[in-house]
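Peer 1: Quick one: the structure is below, questions incoming.
The values are calculated or read from the model by the stated rules, or taken from the named source; none is laboratory data. This one's a predicted model, so the numbers in the text were calculated from it and none came from an experiment. Here the Cβ positions follow ideal geometry from the backbone for every residue, glycine too, while neighbour counts run over all protein chains shown.
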Amino acid sequence: MKFIEEIVVDAFLPTLRSMLAEALRDRGLTQREVADSLGISQSAVSKYAHGDVARHDRIVADDRVTELVDRVAAGLATGELSRVGALVEIEILIRQLEDGDLLAELHEDAMPELAETDADFSVHDPDSHLRTEEQVRSSVRKGLRTLTNTSGFAGLIPNVGSNLVECLPEARSIEDVAGVPGRIFDVKGRATVPGEPEFGLSEHVASVLLAVREHGDTTARGALNIRYAPALVETLADHGYRTIAFDPEDDLDAAIKDALAGIEVPETIVLYQTGAVGVEPIVYVIAPDAPQAAAVARELR
C-alpha cells in the first residue's frame with residue numbers, strides 16, 4: 001500500500017527543492033542564503049548543487065512545475081515572497097497535481113489498482129484566505145522596496161511617520177489591512193522599515209483607506225501617508241491626480257464622507273488635511289494597491 005503523500009515526499013519535494021536551489025543559485029544567492037530561503041541545511045543545498053539528489057523526469061518536465069519554480073525563486077530572491085508565501089504556492093500546486101493529474105498518475109503507477117477506481121484527492125482551496133493574505137503582504141513588500149529605493153523619500157515622511165498599507169479584497173476592519181509595524185521613519189536621511197508587513201497594525205492610515213472605500217464607491221486597496229506641503233499637493237494635481245481636502249477636526253469617517261460627497265472617485269486619489277491644534281497636516285495617497293501608491297510618491301522625488 002502506498003499513499004499519494006509518499007509520492008509527494010519521495011519524488012515531488014526532492015525534485016522541487018533541487019530545482020529551487022538551482023534557480024536561486026542562478027540568481028546569485030550564496031549557499032547559505034539558499035539554505036535560509038528554503039529552510040534547509042547547507043549540506044542539503046550542496047547535495048542538490050552536485051546532483052546527489054535524483055530528480056524525477058516527469059516532474060522536471062511539467063511546465064507548471066517549472067513556472068512555479070521560476071516564480072517562487074524570483075519572489076524569494078527579491079524578498080517579495082516570504083517562506084510562508086512560497087509554502088502556500090507550492091502546497092496549492094501539489095493539491096492541483098493530486099487531483100487526477102501528474103501526482104495522481106504517479107500514484108497510479110506505484111499502485112496500479114488505483115487506475116480502476118474513481119478516487120478524488122482534491123482537498124485544497126487555491127483561493128484560500130491564507131494565500132490571499134500572503135499575496136497582500138507580498139504586495140506591501142514590493143511597494144516598500146519602491147519607497148526605500150526612492151531617493152528623497154525620507155524627506156516626505158511626516159513627524160508621525162509614514163505607513164504603506166494594502167487591504168484584503170473584502171476588507172471591513174483594520175484587521176483586514178496589512179501595514180508596517182511601528183511605521184516608516186526617517187533615520188539619518190534614510191527611510192527605515194522596522195519590520196515585516198502584518199495585518200491590523202496601522203490604525204490611522206488603514207482607517208482612511210477603509211473610509212474612502214466605504215464612501216467613495218471605489219475598490220482601491222492601497223494607501224500611503226506623506227507630509228503635507230502646498231507645493232506637494234500642487235505637484236500631485238499637476239500630475240493629474242484629483243486632490244481633495246478634509247477637515248481633521250471632525251470624526252475621520254464623517255470628514256471623509258463629507259469630502260467625497262457627490263464626487264466620482266477616480267482609481268487613484270489624493271486626500272489631505274492641513275492640520276489643527278495637535279494634529280499634524282498629512283497627505284494620503286489612495287491607489288489600487290500598495291505598489292501603485294508607492295509609485296505616486298516616487299513621482300515627487
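Peer 1: What number of residues within region 187-236 satisfy the criterion of being among the acidic types (Asp, Glu) and in contact with a Phe, Trp or Tyr (Cβ under 6 Å, 6 or more places away or on another chain)?
Peer 2: The qualifying residues number 0.
Peer 1: Now, a different point. Considering only region 259-299, state which residues are of a type outside the set (Val, Ile, Thr) and touching a Phe, Trp or Tyr at 6+ places or on another chain (Cβ under 6 Å).
Peer 2: Passing the criteria: Ala259, Leu271, Tyr272, Gln273, Pro281.
Peer 1: Of the conditions (1) in contact with a helix residue (DSSP H, G or I) (Cβ under 6 Å, 6 or more places away or on another chain); (2) over 18 Å from Thr268 (Cβ atoms); (3) surrounded by fewer than 20 Cβ atoms within 10 Å (Cβ to Cβ), Ile174 fails just one. Which one is it?
Peer 2: Ile174 satisfies all of (1) in contact with a helix residue (DSSP H, G or I) (Cβ under 6 Å, 6 or more places away or on another chain); (2) over 18 Å from Thr268 (Cβ atoms); (3) surrounded by fewer than 20 Cβ atoms within 10 Å (Cβ to Cβ) except (3).
Peer 1: Out of region 182-215, which residues are surrounded by 18 or more Cβ atoms within 10 Å (Cβ to Cβ) and touching a residue at least 60 places away in the same chain (Cβ under 8 Å)?
Peer 2: Answer for region 182-215, where residues must be surrounded by 18 or more Cβ atoms within 10 Å (Cβ to Cβ) and touching a residue at least 60 places away in the same chain (Cβ under 8 Å): Pro197, Phe199, Val205, Val208, Leu209, Val212.
Peer 1: Which of the residues spanning region 54-71 are farther than 19 Å from Asp26 by Cβ and of a type in the set (S, T, N, Q)?
Peer 2: none
Peer 1: Pairs under 8 Å by beta carbon, first residue among the β-branched types (Val, Ile, Thr) in region 80-107, partner modelled with pLDDT of 90 or more and assigned to a helix (DSSP H, G or I), six or more apart or different chains?
Peer 2: Ile90/Leu16; Ile90/Leu68; Ile90/Val72; Ile94/Phe12
Peer 1: Here is a further query. Of everything in region 256-279 that's touching a residue at least 40 places away in the same chain (Cβ under 8 Å) and outside any loop (DSSP other than H, G, I, E, B), which residue is nearest to Ser207 (Cα to Cα)?
Peer 2: The residue in question is Ile256.
Peer 1: Run down Val65, Val88, Val45, Val72 and say which single residue is closer than 21 Å to Glu134 by Cα, surrounded by 14 or more Cβ atoms within 10 Å (Cβ to Cβ), modelled with pLDDT under 90 and touching a helix residue (DSSP H, G or I) at 6+ places or on another chain (Cβ under 9 Å). Spell out how you get there, then give the answer.
Peer 2: Values: Val65 fails: modelled with pLDDT under 90; Val45 fails: closer than 21 Å to Glu134 by Cα; Val72 fails: modelled with pLDDT under 90.
One residue alone meets the criteria, Val88.
Peer 1: Moving on. Taking region 39-79 on its own, how many of its residues are farther than 27 Å from Leu144 by Cβ, without any contact (Cβ under 8 Å) to a residue 40 or more places away in the chain and assigned to a helix (DSSP H, G or I)?
Peer 2: Of the residues in that region, 12 qualify.
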